[in-house]
1. Between residue 29 and residue 97, 0.36 nm times their residue separation minus their Cα-Cα distance comes to what?
2. Radius of gyration and Dmax for segment 37-124's Cα atoms, expressed in Å?
3. Restricting things to Cα coordinates, could you compute the convex hull volume per residue of the chain in Å³?
4. Mean separation of Cα pairs under 8 Å and 6+ residues apart, divided by the residue count of the chain: what relative contact order is that in percent?
5. Could you check the simple spin-label distance between residue 145 and residue 68, using points 7 Å along Cα→Cβ, in nm with one decimal?
6. Could you tell me the calculated FRET efficiency between residue 18 and residue 42, based on Cβ-Cβ distance and R0 = 25 angstrom, to the nearest 0.05?
7. Could you tell me how many degrees, from 0 to 90 and to the nearest 10, lie between the Cα long axis of helix 21-42 and the main elongation axis, the longest principal axis, of the Cα atoms of the chain?
8. Can you sort 77, 124 by how many other beta carbons sit within 10 Å, fewest first?
């Protein structure tokens with residue numbers, strides 16, 4: 001049970017003496033302890049100074065609902081880092097109508113072979129919409145340059161709207 005590995009051991013005595021296992025184990029333990037102590041003595045201690053969580057500017061100029069601000073501490077964090085009015089997170093029940101709620105690499109245009117120039121030959125008229133089982137309607141906005149599909153909440157169902 002040690003970090004060290006003995007590669008080779010030569011005991012050259014004349015005449016050859018008998019060494020009991022207990023004596024060899026004692027020598028081995030002392031050698032391991034001496035090696036451990038030597039490692040401790042050579043250890044270079046590096047001190048790490050923690051930077052205070054100051055007012056480093058937040059990399060984005062605005063924090064929309066995707067910043068997931070759900071409590072006072074999160075809001076204080078963003079304000080301390082230069083975001084004056086961080087938007088509350090989606091889980092707070094705020095109305096996300098008109099907001100981009102998802103950006104996907106999956107693209108319905110591509111899936112239907114309507115990407116790029118093929119769109120002119122399509123029987124589908126833009127904009128395209130998705131509707132879920134609760135009646136929420138989502139507008140699809142295509143960013144062909146980046147090959148992304150943005151999903152924007154167009155209308156929100158009144159069935160599952162949070163009560164105030």
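1. Answer, rounded to one decimal: 17.3 nm.
2. Expressed in Å, the Cα Rg and Dmax of segment 37-124 come to 24.1, 80.
3. 349 Å³
4. About 16 percent, as a whole number.
5. 3.0 nm
6. Once rounded, the FRET efficiency stands at 0.10.
7. Taking Cα atoms only, the helix is inclined about 50 degrees.
8. So the residues, fewest neighbours to most, are 124, 77.
Any read-out appearing in this document is the output of simple, stated calculations on the displayed coordinates, not a laboratory observation. These numbers come from a predicted model, not from an experiment. Every residue, glycine as well, gets a Cβ built from its backbone with ideal geometry; the counts of neighbours run over all protein chains shown.
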